[in-house]
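Q: Below is one structure. I have some questions about it.
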Amino acid sequence: MDKKTLLEVKDLSVYFNLREGVLKAVDGVSFNVDKNSTVGIVGESGSGKSVTAQAFMRILPDTAEIKTGEINYYKDPDNPIKIHALPDKSPILSNIRGKEISMIFQEPMSAFSPLHTIGHQMIECLMLHTPMTKQEARERSIEMLAKVGISNPDKRVDQYSFELSGGMRQRAMIAIALSTNPSIVIADEPTTSLDVTIQAQILKLMKDMQQEFNMSIIFITHNLGVIAQMADTIQIMYLGKIMESGTAEEIFYEPRHPYTINLLKAIPKIGSNTGGKLEAIPGQIPGPFDIQKGCKFCTRCPSAIKGLCDQRSPEIKKYSETHSVFCWKCLEQEK
Amino acid sequence: MEDNILVVKNLSKEFPIYKGFLRRSNMSVKAVNNVSFEIRRGETLGLVGESGSGKTTLGRLVLRAMEPTAGEIVYNFADEKSVDILKLKKKQLYKIRSKIQMVFQDPYSSLNPRMTVRDIIAETLVANKTMSRSEIDNRVREIADLCKLNLEHLRRFPHAFSGGQRQRIGIARALAVNPEFVVCDESVSALDVSVQAEIINLFKELQVIKDITYLFIAHDLSIVEHISDRIIVMYLGQIVEEADKKTLFENPMHPYTEALMSAIPEPDPLRKMAPIFLEGEIPNPINPPTGCYFHPRCHYATERCKKEMPCRRCFGNHKVACHRAEELHLKQYIKY
């Protein structure tokens, strides 16, 4: 195991047991999160990107279970914590949630309690995870609010979430997430509900905070522009499986998987093809219960090989140390 | 025939704020504040701005889905003389409605779950009372085919469709009455990337086939750039800049436009964005700043900007509301 690795995900599968049947939300996902780096998880709706992140903190809904796989957290390189195997009410787990791994949610309005002040919610988190007294925790909260660029932090700390604007609320959320000095921050679509100018500010803030607190970020989004700006390595997900993974440069400059290639062609780029047509991916994302054999993308793939892609799951093809693709076409080209 | 399909003059909309026990109103939000613009026949006009800039309100006003406080909205339809739709009575307005339509943002809440796809698309035709049942059926099939809906699915209910398919139903409903002008309010923002591209292509194809003029409202600048011919930038209920898209991206003249463009996340890891940060947030529209509405956040503001509201000035087809438009040399976003 690499010394730099902080979180190791091995063959993770999360299944939902629903009345309609078993929904394979995450199906055999593996990747590593290195210290002090940003891993981007990109996917469309239903690709399982949020469920993957929820599994890391074991905050999955009741109907979901981790079917197979490992999530190893290397706080101490020789003695990893096996997050997947911890019992539900284990004290180690509550120490991980919010202390070691914390989360920035998409909807800052619904993630905060409207009944408690921002300060109350920050102090609660700090007192739970650190030996601080209430007074110390309050001071730390004000300090954190100032750090994320909220003006008049000593006034804001006693305000409610609905008194803040969207951008401010997202800043407050980042302040809570970082107040316990976590090693990993999971950001689940943190800027999707914000305006572009505010989005740019929040992305800058997250980068600055990463420098200051030496943390790793798992950045989940569907926006390819945002991920290009933020991530060091990228995992492209489709229907619960990783299609392609690599560094940001590899993904954007040498995409290999037909899904990645098509996805990059489908976004409008300013100044590139004025008035031209976008290359849309034909078909639509299959329903979660449409069980299919083989590669999940084969129903929409322009270069699907009949009798192979729709029968057997593709194996891994490595282009470099960091760049790997799950695609039969890429494997066939090799031969 | 007039060149402009729509001419809007000094349009304003105020929402009163009711307070206290007697619900007295002494304050109001100026959601749209003295806005004038025109749309040429057959073009796509993009409308961008942050949340709270009044772009949705403006979109609804031009269809008279909402009554404006003041102003004029004059349409020049192909077969008629120009009409100010604000002066029309309800019955007269009814006739005009088939020429102006809207495609909504959320394909999930904008379709009635108790109506079949056929009924949803046919609703406007039925309301028009000019067609027989069989004519309506034919038209529905024709338009559904044009919007690439599977004709066998017309009897199903909306819940059976994915987001992209539902948006196609929404588009088919808007186009069933052969409108000349369609307002698209964030019509692709709720869709996934791969589906979004298809819907954008569909909008463009239909524009050519049916000769439609669009007012395309969106917050995503790269989509607006792709689909529009000209772009209007709104800030706090006012139009701050208006130009054709090349001019706007090559030579922005309003500091707000510059800041907005600098914040676009580029899908290229080697081209890191260098956003120009605006201080603070969009001000409260109940009590907007004096002078230029943008001055508290503007990096180039002078004393004059604090006192005097800039009027819109024309530089050819490029209209800007900024005192310092000529002297500032703002950052070009891209060279075409």
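The values are calculated or read from the model by the stated rules, or taken from the named source; none is laboratory data. What you see is a predicted model; the values in this text were computed from it and never measured. All Cβ positions, glycine included, derive from the backbone under ideal geometry; neighbour counts span all protein chains shown.
Q: Scan segment A:153-172 for residues that are assigned to a helix (DSSP H, G or I) and either within 11 Å of chain B (Cβ to nearest Cβ) or not small (G, A, S) (or both) and jot them down.
A: A:P153, A:D154, A:K155, A:R156, A:F162, A:E163, A:G166, A:G167, A:M168, A:R169, A:Q170, A:R171
Q: State the number of residues belonging to segment B:219-235 that are out of contact with any strand residue (DSSP E or B) (no Cβ under 6 Å at 6 or more places or on another chain), of a type outside the set (S, T, Y) and surrounded by fewer than 23 Cβ atoms within 10 Å (Cβ to Cβ).
A: Here the count works out to 2.
Q: Moving to a separate point now. Considering segment B:207-239 alone, what residues qualify as being outside any helix (DSSP H, G or I) and of a type in the set (V, I, T)?
A: B:I212, B:T213, B:I217, B:I231, B:I232, B:V233, B:I239
Q: Only one of (1) of a type in the set (G, A, S); (2) surrounded by fewer than 18 Cβ atoms within 10 Å (Cβ to Cβ); (3) more than 28 Å from A:L203 (Cβ to Cβ) is not met by A:A64, so which one is it?
A: (2)
Q: Can you find a residue in segment B:109-116 that is in a helix (DSSP H, G or I) and out of contact with any Gly (no Cβ under 9 Å at 6 or more places or on another chain)?
A: So far as segment B:109-116 goes, no, none of its residues is in a helix (DSSP H, G or I) and out of contact with any Gly (no Cβ under 9 Å at 6 or more places or on another chain).
Q: Looking at A:A248, A:A266, which one is in contact (Cβ under 8 Å) with a residue 60 or more places away in the chain, at the interface with chain B (Cβ under 8 Å from one of its Cβ atoms), surrounded by fewer than 22 Cβ atoms within 10 Å (Cβ to Cβ) and not β-branched (V, I, T)?
A: When all the criteria are applied, what remains is A:A248.
Q: Kindly provide the set of residues from segment B:235-259 that are hydroxyl-bearing (S, T, Y) and either touching a helix residue (DSSP H, G or I) at 6+ places or on another chain (Cβ under 7 Å) or more than 11 Å from chain A (Cβ to nearest Cβ) (or both), ordered by number.
A: Those that are hydroxyl-bearing (S, T, Y) and either touching a helix residue (DSSP H, G or I) at 6+ places or on another chain (Cβ under 7 Å) or more than 11 Å from chain A (Cβ to nearest Cβ) (or both): B:Y235, B:T247, B:T257.
Q: Suppose the filter is touching a Ser or Thr at 6+ places or on another chain (Cβ under 6 Å), of a type in the set (G, A, S), surrounded by fewer than 20 Cβ atoms within 10 Å (Cβ to Cβ) and more than 30 Å from A:S161 (Cβ to Cβ); does A:G21 pass it?
A: no
Q: Let me ask something else. Based on what the data block shows, is A:A177 touching a residue at least 12 places away in the same chain (Cβ under 8 Å) and either away from every other protein chain (no Cβ under 14 Å) or surrounded by 23 or more Cβ atoms within 10 Å (Cβ to Cβ) (or both)?
A: Judged against the criteria, A:A177 is a match.
For (1) outside any strand (DSSP E or B); (2) among the β-branched types (V, I, T), each residue gets a yes or a no:
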position	(1), (2)
B:K9	no, no
B:P16	no, no
B:M27	no, no
B:V35	no, yes
B:L58	yes, no
B:K81	yes, no
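Q: Restricting attention to segment B:260-270, does a residue exist that is in a loop (DSSP other than H, G, I, E, B), more than 11 Å from chain A (Cβ to nearest Cβ) and either aromatic (F, W, Y) or buried (at least 19 other Cβ atoms within 10 Å of the Cβ) (or both)?
A: No; the residues of segment B:260-270 include none that is in a loop (DSSP other than H, G, I, E, B), more than 11 Å from chain A (Cβ to nearest Cβ) and either aromatic (F, W, Y) or buried (at least 19 other Cβ atoms within 10 Å of the Cβ) (or both).
Q: So, one more: Residues being more than 7 Å from every other protein chain (Cβ to nearest Cβ) and not charged (D, E, K, R): count how many of those fall in segment B:271-285.
A: Final tally of qualifying residues: 7.
Q: Restricted to segment A:320-335, and to residues that are over 16 Å from A:Y259 (Cβ atoms), at pLDDT 85 or above and in contact with a strand residue (DSSP E or B) (Cβ under 8 Å, 6 or more places away or on another chain), which residue is surrounded by the most Cβ atoms within 10 Å (Cβ to Cβ)?
A: Looking at the filtered set, the residue picked out is A:T322.
Listed here are the residues, each with its yes/no results for (1) within 28 Å of A:A228 (Cα to Cα); (2) more than 18 Å from the chain's Cα centre (by Cα); (3) outside any strand (DSSP E or B).
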| residue | (1), (2), (3) |
| --- | --- |
| A:L6 | yes, no, no |
| A:G28 | yes, no, no |
| A:T52 | yes, no, yes |
| A:F56 | yes, no, yes |
| A:P61 | no, no, yes |
| A:T68 | no, yes, no |
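Q: Looking only at segment B:289-307, decide whether some residue is farther than 29 Å from B:F15 by Cα, modelled with pLDDT of 90 or more and within 25 Å of the chain's Cα centre (by Cα).
A: No.
Q: Now, a different point. Here are the criteria: (1) more than 9 Å from chain B (Cβ to nearest Cβ); (2) among the acidic types (D, E); (3) closer than 30 Å to B:F203 by Cα. Tell me which single one A:E279 does not satisfy.
A: If we test A:E279 against (1) more than 9 Å from chain B (Cβ to nearest Cβ); (2) among the acidic types (D, E); (3) closer than 30 Å to B:F203 by Cα, just (1) comes out false.
Q: Tally the residues that are surrounded by 18 or more Cβ atoms within 10 Å (Cβ to Cβ), among the charged types (D, E, K, R) and more than 22 Å from A:I234 (Cβ to Cβ), restricting the search to segment A:180-217.
A: Count: 1.
Q: Now for a different question. From the set of residues in segment B:178-206 that are of a type in the set (V, I, T) and not in a loop (DSSP other than H, G, I, E, B), which is farthest from the other protein chains (Cβ to nearest Cβ)?
A: Of everything passing the filter in segment B:178-206, B:V183 is farthest from the other protein chains (Cβ to nearest Cβ).
Q: Can I ask one more? Could you check how many residues of segment B:143-160 are free of Cβ contacts under 8 Å to residues at least 40 places away in the same chain and surrounded by 14 or more Cβ atoms within 10 Å (Cβ to Cβ)?
A: Residues flagged as free of Cβ contacts under 8 Å to residues at least 40 places away in the same chain and surrounded by 14 or more Cβ atoms within 10 Å (Cβ to Cβ) within segment B:143-160 amount to 5.
Q: Another question, then. Look at B:F216 and say whether it is on the phi < 0 side of the Ramachandran plot and in contact with a helix residue (DSSP H, G or I) (Cβ under 6 Å, 6 or more places away or on another chain).
A: Yes: the conditions hold for B:F216.
Q: Which one is nearest to B:S228 (Cα to Cα), of the residues in segment B:33-49 that are of a type outside the set (S, T, N, Q) and more than 12 Å from the chain's Cα centre (by Cα)?
A: Per the criteria, the residue is B:E43.
Q: Please count how many residues of segment A:230-245 are of a type in the set (F, W, Y) and either surrounded by fewer than 22 Cβ atoms within 10 Å (Cβ to Cβ) or within 8 Å of another protein chain (Cβ to nearest Cβ) (or both).
A: Going through segment A:230-245 one residue at a time, the tally reaches 0.
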